[in-house]
């Protein structure tokens with residue numbers, strides 16, 4: 001299910017300041033909307049939702065490196081690279097940092 005540009009803008013505008021501080025490029029914002037948010041902005045997909053600090057904190061217990069590895073290799077219902085064939089490892093880390101938002105400040109970064 002594709003997000004409309006208006007819905008995407010509202011979703012991003014509603015994020016906390018720390019999430020926006022991930023300093024994403026326009027290209028990475030496009031990768032986010034075309035790939036990550038297809039699951040991470042839709043309830044009942046099994047993916048932790050963008051802005052759900054509690055769900056992301058549980059994943060932060062494993063550390064950012066493990067989150068990146070899971071994203072690259074795939075985990076659960078998430079396919080390798082989240083179907084983002086255009087993403088580099090650097091893109092993946094930036095997108096993860098963005099989606100972690102406040103959870104990366106509260107969680108334990110290992």
Practice task
State whether one or more residues within the range 80-91 are in a helix (DSSP H, G or I), surrounded by fewer than 18 Cβ atoms within 10 Å (Cβ to Cβ) and touching a residue at least 24 places away in the same chain (Cβ under 8 Å).
Solution key: yes
Handout entry: Matching option when the condition is within 17 Å of residue 34 (Cα to Cα), at pLDDT 90 or above and in contact with a strand residue (DSSP E or B) (Cβ under 8 Å, 6 or more places away or on another chain), among 86, 47
Key = 47
Handout entry: Cβ-Cβ under 6 Å pairs, at least 6 apart or on other chains, the range 41-61 side on the phi > 0 side of the Ramachandran plot and in a loop (DSSP other than H, G, I, E, B), far side surrounded by fewer than 18 Cβ atoms within 10 Å (Cβ to Cβ) and at pLDDT 90 or above
Key = 46/77
Problem - Conditions (1) over 14 Å from the mean Cα position of the chain (by Cα); (2) under 17 Å from residue 101 (Cα atoms); (3) assigned to a loop (DSSP other than H, G, I, E, B); (4) at pLDDT below 90: number failed by residue 2 - result: (2)
Practice task
Keeping to the range 28-45, report how many residues are loosely packed, with under 14 Cβ neighbours inside 10 Å and within 17 Å of residue 97 (Cα to Cα).
Solution key: 1
Exercise for the section: Enumerate the pairs (first residue in the range 63-77 and in contact (Cβ under 8 Å) with a residue 12 or more places away in the chain and on the phi > 0 side of the Ramachandran plot; second residue anywhere and surrounded by 14 or more Cβ atoms within 10 Å (Cβ to Cβ) and assigned to a helix (DSSP H, G or I)) with beta-carbon separation below 9 Å, excluding pairs fewer than 6 apart on the same chain, so at least 6 apart or on different chains. Expected result: 76/70
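The values are calculated or read from the model by the stated rules, or taken from the named source; none is laboratory data. No experiment lies behind these values; they were computed from the predicted model shown. Heads up, the Cβs are rebuilt from the backbone with ideal geometry, glycines too, and the neighbour counts pull from every protein chain shown.
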